[in-house]
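A.B. asks: Supplied in structure tokens, the structure appears directly below.
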Amino acid sequence: MTSRPTAEQRLSDLVRLRRIRDRIDREYAQPLDVEALARGEHMSAGHLSREFRQAYGESPYGYLMTRRIERAMTLLRRGDLSVTEVCFEVGCSSLGTFSTRFTELVGMPPSTYRREAAAATQGMPSCLAKQVTRPIRNREARPSGRS
């Protein structure tokens, strides 16, 4: 007896994963955790984590934090909020975790980014600034020879 999912089950899982990813994109500033996301789609947290990583190349939590950091970058470039205010505005509850993750994704601490990015994107349309300053996730930085 095999536990391999059928094509129909795989398609159903992909639809649910897309809804979860869309929810993260919409509600990134809200308190979200893997258990709540899984419960909302009638999945176990373990199954969600495995399937999400297989489909998108990173964990649901990693995807959520990337969304938060991308939004934080925009707010920091705007320059009217402190790093602490930005941290809480994007849904992070720990300044330390926010700063660590920001530094991992962007390559510099949020305070440095705030100083440097404002000058680097001055006069640039926000839609272009967002593309130019978008963080590179680990899965995007892998060598192209790997599948």
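Values in this text are rule-based calculations from the coordinates and carry no lab data. Just so we're clear, the structure is a prediction, and the values are computed from it rather than from any experiment. Cβ coordinates were reconstructed from backbone atoms using ideal geometry, including for glycine residues, and neighbour counts include every protein chain displayed.
A.B. asks: Can you compute the label reach from E104? Point 7 Å from Cα along the Cβ direction, backbone N cut-off under 16 Å, restricted to region 32-71.
C.D. replies: Label zone hits: 34, 53, 57-70.
A.B. asks: Ok, one more. Taking 35 Å as R0, compute the FRET efficiency from the Cβ-Cβ separation of S94 and L128 and round it to 0.05. Each step should come with its number before you reach the end.
C.D. replies: Values: r = 32 Å, r/R0 = 0.90.
Efficiency, from the Cβ-Cβ distance: 0.65.
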